[in-house]
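Heads up: the structure comes next, in structure tokens.
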Amino acid sequence: MNTYLSALTLAALMASSSAAFAQDATDAAPAESTTEQAETAAPAADAPATEAPAAGALADQLDTGEEADAEQSQTYVRETIGDWDMQCLRVEEGEEPCQMYQLLTDGQGNSVAEVSLFRVKDGGQVEAGGTFVVPLETLLTQKMSISVDGGQPKRYDFTLCNPIGCYARVGFTADDVNRFKRGKVAKITIVPALAPDQKVTVDMSLTGFTDGYSKTSELAN
């Protein structure tokens, strides 16, 4: 039997026995007069008052807290290579995993999308992975397209959306990666949900791609 349950059972039996004993004692004792009971119940006028707890007794048991160090961000930019930031994750031991990051803006400098690129380990035909984040007002059924230096575009599905934006998790083949290495700019095109007859295209600079890609970590598939 569980020790905790055994203790509860024992306590219940003890309480039951005590109650039964008290009942037997009450039945056996002669009844007292009402006057005697009243005198017994009434406290003596000169009885000392119950001593109040010390004023600081409760305060001494309360935790007033201590200063905490500000939590450091787990990711940081190790270096900038061309138009790419090498975004790395702090770890206590071993090599820090890093990926390439670029914020994509329109002609007026407004942020439109962002992309993170990394190498994939044991990915079969997929050599690299990319995560693209676009605005929530994107028409998901029209997918996202990528073309390099005016070449034939490839279309990719969106995976999910959250309050930050909508995500496309893309797998790049060796041919795709080689096009990025040889290219100058990749065009990222999406369609606004409120204007399905229009397209929004932003540039993903490929300056520094080759050197940056060689420094990214190989993430397990």
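Bear in mind these aren't lab numbers, they're just calculated from the coordinates by the rules spelled out. Remember, it's a predicted structure, so these values are computed and weren't measured experimentally. Note: ideal-geometry Cβ built from the backbone for every residue, glycine included; neighbour counts use all protein chains shown.
List of remarks:
- Counting beta carbons within 10 Å around each of 177, 91, 148 and listing the fewest first gives the order 91, 177, 148.
- Each residue of the stretch 148-163 is assigned a 3J(HN,Hα), and the resulting list reads 10, 6, x, x, 4, x, 10, 9, 9, 6, 8, 9, 6, 10, 9, x Hz, derived from the Karplus form 6.51 cos²θ - 1.76 cosθ + 1.60 (θ = phi - 60°), x at Gly and Pro.
- Share, in percent, of DSSP beta bridges within the stretch 103-220 that are antiparallel, nearest 5: 90 percent
- Computed over neighbours whose Cβ is under 10 Å from that of residue 151, the net charge equals +2, Lys and Arg +1, Asp and Glu -1.
- Cα shape, the stretch 148-221, gyration tensor, a/c 1.5 rule: oblate
- Among 159, 141, the order by Cβ neighbours within 10 angstrom, fewest to most, reads 141, 159.
- Förster radius 45 Å - calculated FRET efficiency between residue 64 and residue 187, Cβ distance, rounded to 0.05: 0.15
- Label-point separation in nm, residue 174 to residue 210, each point 7 Å along Cα→Cβ: 1.8 nm
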